[in-house]
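One structure is given below, encoded as structure tokens.
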């Protein structure tokens, strides 16, 4: 239920915003630069995202840049519907692929920053080693897509391309299912209210 409420709030905020997804003309003028990541890295890092964020949230010896990149990763993750839209990571044509690149690039940056922290270095290095192994085993290191060369910045929020949702079958099916669930819930609540009265 919390995710549905969160989804409704994010959709309301997005509907109120007139800005398109992607970087504004001229690009960000402040913030922390976040290096790009390949399409192949996305699928592996998405698997480890929870462990990386848990480690980062419990990190003791942090600095402002680390906290800003971590915050950016979490903001982008929520804009990307918490990674719950099907094919948002695997399909470069997904309206959610660019924002997935953003939150996963920030997640990778957070992980690499933790390798220099005394308490988190060992755990972070182990995750990096596991990611590297999977990239090599599955030959994902060199798989690229249209967003693979795009670097990001904490001053630039990347939003999904909402206008492309109707043309992307997996995204459209996902949002149609949510709409049906909400309508069904409203109908059930209404029936319950009539029965009680």
Taking the stretch 107-120 and the residues there that are touching a residue at least 40 places away in the same chain (Cβ under 8 Å) and more than 19 Å from the chain's Cα centre (by Cα), the one that is nearest to residue 35 (Cα to Cα) would be 114
Please list, ordered by first then second residue, the pairs with beta carbon atoms under 6 Å, 6 or more apart or interchain, first in the stretch 159-177 and in a helix (DSSP H, G or I), second exposed (fewer than 14 other Cβ atoms within 10 Å of the Cβ).
172/166
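For (1) surrounded by fewer than 20 Cβ atoms within 10 Å (Cβ to Cβ); (2) in a helix (DSSP H, G or I); (3) touching a residue at least 12 places away in the same chain (Cβ under 8 Å); (4) within 12 Å of the chain's Cα centre (by Cα), each residue gets a yes or a no:
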residue: 45; (1), (2), (3), (4): no, yes, yes, yes
residue: 65; (1), (2), (3), (4): yes, yes, yes, no
residue: 71; (1), (2), (3), (4): yes, yes, yes, yes
residue: 82; (1), (2), (3), (4): yes, yes, yes, yes
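For the stretch 101-120, what are the residues that are in contact with a helix residue (DSSP H, G or I) (Cβ under 6 Å, 6 or more places away or on another chain) and outside any helix (DSSP H, G or I)? Walk me through how you get there before you give the answer.
Here is the first cut: in the stretch 101-120, the residues in contact with a helix residue (DSSP H, G or I) (Cβ under 6 Å, 6 or more places away or on another chain) are 102-104, 106-111, 113-115, 120.
Correct list: 115, 120.
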Has the stretch 138-158 got at least one residue that is surrounded by fewer than 17 Cβ atoms within 10 Å (Cβ to Cβ), touching a strand residue (DSSP E or B) at 6+ places or on another chain (Cβ under 9 Å) and within 22 Å of residue 33 (Cβ to Cβ)?
yes
Of all residues in the stretch 121-138, which are within 23 Å of the chain's Cα centre (by Cα) and either closer than 30 Å to residue 64 by Cα or not in a helix (DSSP H, G or I) (or both)?
123, 124, 125, 126, 127, 128, 129, 130, 131, 132, 138
Among the residues of the stretch 19-31, is there at least one that is at pLDDT 85 or above and touching a helix residue (DSSP H, G or I) at 6+ places or on another chain (Cβ under 9 Å)?
yes
Of the numbered conditions (1) assigned to a helix (DSSP H, G or I); (2) touching a helix residue (DSSP H, G or I) at 6+ places or on another chain (Cβ under 9 Å); (3) surrounded by 15 or more Cβ atoms within 10 Å (Cβ to Cβ), residue 98 satisfies every one except a single condition; which is it?
(2)
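Being part of a loop (DSSP other than H, G, I, E, B), loosely packed, with under 14 Cβ neighbours inside 10 Å and either modelled with pLDDT under 95 or in contact with a strand residue (DSSP E or B) (Cβ under 6 Å, 6 or more places away or on another chain) (or both) narrows it down to one of 91, 61, so name that one. Let's see the steps before the verdict.
Details: 91 fails: loosely packed, with under 14 Cβ neighbours inside 10 Å.
Just one listed residue meets the conditions, 61.
The values are calculated or read from the model by the stated rules, or taken from the named source; none is laboratory data. Treat the numbers as computed from the prediction; the structure is a model and nothing was measured. Positions of Cβ are backbone-derived with ideal geometry, glycine not excepted, and every protein chain shown enters the neighbour counts.
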